[in-house]
Amino acid sequence: MRISATLLLLLAFVTTHGQAPTFKKEIPKVDQYIQQLMTEWEIAGSAVSIVYKDKVIFSKGYGYRDVANKLPVTTKTTFGIASNSKLFTSMAAAMLHEEKKLDLDKPVRTYMPDLHFATGELDEKLTLRDMLSHRSGVPRWDAVWGGSNYSLQEILDRLPYMKPTMGFREGYLYNNNMYAAAGAVTAKVNGTTWEQLIQTKLFDPLQMKQSTFSFEAAAKKEEFSKDYLIGKVDKKLKEYEPDTHCDCWAPAAAIVSNIEELSNWMMAQINGGKFKGKQVIPSKAIAETIKPNNIASKELVYDELFYGLYGMGRSSTDYKGHVMVSHGGVISGYRSTIAMLPKDSIAIIVLTNTAQGSSMANATVYGITDRLLHVGESAWTTKIKEVIRKREKKSEREADSVRALKVKDTKPSHALADYVGTYEHKAYDKMIISLEGNHLRIQHRIWNEPLQHFHYDQFWSPEHPDASINYSLRVYKLHFMTNTAGKIDKIKTGVDGDPEVEFERVKE
């Protein structure tokens, strides 16, 4: 029996193009590319995993988890995943939504009546979906918890003092405090702590046994990585200065994990919630976290990427004709990027222990996608470094513009001793101004800095060259104010980039 040429061609298509790709030819190129990025971005240690459908097709550690002792990164090395914790919080909320235990679109105070915000409109209308998609209109207010060692409840108590700077549901303002509050609400609905909620609903079914909820807990286990930064002035790799961490931001940024266990997490995402044959996450819950609620990016930074849409705990975009769902993470010196290409059944996980690692992690995700899907290899290091250079130049110009406002040869309106005292704001607690020799000094939480006179009644703490990459460093710009009697009674300041507030002198 003869087989026509047309049928032969059809059979050839079915047997070759119909088979799932193995990526055997691409993996060595991926490995070589990551090694190149490690050098180009001077990363101390990194771990990368690629999941295809229900299998891990690549998983490898690079560099060191402990540089001084030459301890290598392996696939079991744990890193802070920072804001990639948000998807765990969002997924748990979406699961409770599917279980009819809560409604993502009902006012959040339905479930926690004692929760209050800065405006009556937020009290009346704010939902979990709003909180998880950054559309409350309330900006970061990250300095409220920075260095505080607050409990989660103490953050909730301070929400009424975090005023919005944008209209409700008017746009995208990233907010860790809203995620912390959302975690508290889901925990209350579940009748547990947030940690217990994530442990039972996600960690346990996904066999995430080494993953933890704090650096302290991770350090007690094997292979927890140290974190590093490259100094801007000396250009040397050094350990990141220790931060004070608190339970307050756990639902937003606390999870510590490794690429082995995060591969399980992403395997379930790719396969509609199934892991090792079991339905551990409802497929509708996964879809709920991807569904766009907000516009995260209205700027086309790179030709390869479209505008960003934010769901709950992750954003979506088009990458060279492919849907890409991803999120980044920044905490202390740890950086992470976790991406999924749902139509291609691919997930990519990149964890690093170096403060400059966000760029490397993004370049890794994009470059791996280029090589696996054969969509052309963009020069990502060159592209990203050019964007960084432009942004740094812009920041320098803005800083120079502020410094140029300094009026020379002015003096404080009062004797320095008159500025001494304790000042307080209900969101930030106490700020103590003392006199040391012939200059003032500020003590606020873990920071104790000398103050330099800027002009008139304004004083600044010293600017540190590594402040933009080491978030435990900050500059205080204080404007002392007088009452009608002419006495210093307030300090106006925007703490670490937060909106301006007034600290009032505490009566002694």
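From the alpha carbon centroid of the stretch 111-161 to that of the stretch 385-459 is 28 Å.
State to the nearest 20 debye the size of the charge dipole of the stretch 462-508 about its Cα centre, where the only charges are +1 on K and R beta carbons and -1 on D and E beta carbons.
240 debye
Classify the stretch 202-355 as rounded, prolate or oblate from the Cα gyration tensor: take a ≥ b ≥ c as the square roots of its eigenvalues, call it rounded if a/c is under 1.5, otherwise prolate when a/b beats b/c and oblate if not. It comes out oblate by the Cα gyration axes.
Taking the Cα centre as origin and putting +1 on Lys and Arg beta-carbons and -1 on Asp and Glu beta-carbons, what dipole magnitude results for the chain, to the nearest 20 debye? Could the numbers behind the result be given before it?
Numbers: 66 positive and 61 negative charges, 266 e Å.
Charge dipole of the chain: 1280 debye, to the nearest 20.
Taking each DSSP H run with n ≥ 4 as -39500 (n - 2.57) and averaging over every residue of the chain yields -8500 deg cm²/dmol at 222 nm. Positive-end ranking of Asn362, Phe275, Trp265 along the dipole of the chain, with charges on Cβ about the Cα centre, is headed by Phe275.
Return the subset of Lys76/Lys235; Lys86/Lys385; Lys24/Lys221; Lys125/Lys201; Lys221/Lys320; Lys188/Lys278 for which the Cα-Cα distance in this structure is over 31 Å, preserving the input order. Where the Cα-Cα span goes over 31 Å, the pairs concerned are Lys24/Lys221; Lys221/Lys320.
Ranked for footprinting exposure by Cβ neighbours inside 10 Å, fewest first, Glu288, Glu377, Glu508 give Glu508, Glu377, Glu288. Here the contact order of the stretch 416-505, divided by its residue count and restricted to Cα pairs under 8 Å and six or more residues apart, works out to 22 percent.
For the peptides 291-297, 153-159, the ranking by packing is 153-159, 291-297, with the highest mean count of neighbouring Cβ atoms within 10 Å listed first. Note the angle between two axes, namely the Cα long axis of helix 5-16 and the longest principal axis of the Cα atoms of the chain, as a number of degrees from 0 to 90, rounded to the nearest 10. Tilt of helix 5-16: around 40 degrees.
Sort the stretch 22-377 into rounded, prolate or oblate with this rule: let a ≥ b ≥ c be the square roots of the eigenvalues of the Cα gyration tensor; rounded if a/c is under 1.5, and if a/c is not under 1.5, prolate when a/b is larger than b/c, oblate otherwise. It is prolate, given that a/c is not under 1.5 and a/b is the larger ratio. Computed about its Cα centre, the charge dipole of the stretch 416-505 is approximately 160 debye, with only Lys, Arg, Asp and Glu carrying charge at their Cβ. Dividing the mean sequence gap of close Cα pairs (under 8 Å, 6+ apart) by how many residues the chain holds gives a relative contact order of 17 percent. Across the options Ala347, Val420, Ala285, the greatest Cα extent toward the positive end of the charge dipole of the chain (unit charges at beta carbon of Lys, Arg, Asp, Glu) belongs to Ala347. Each part reduced to its alpha carbon centroid, the stretch 311-345 and the stretch 357-380 end up 12 Å apart.
Just so you know, all these numbers are worked out from the coordinates, no wet-lab data involved. As the structure is a prediction and not an experimental result, all values here were calculated from the model. Cβ atoms come from the backbone with ideal geometry, glycine included; neighbour counts cover every protein chain shown.
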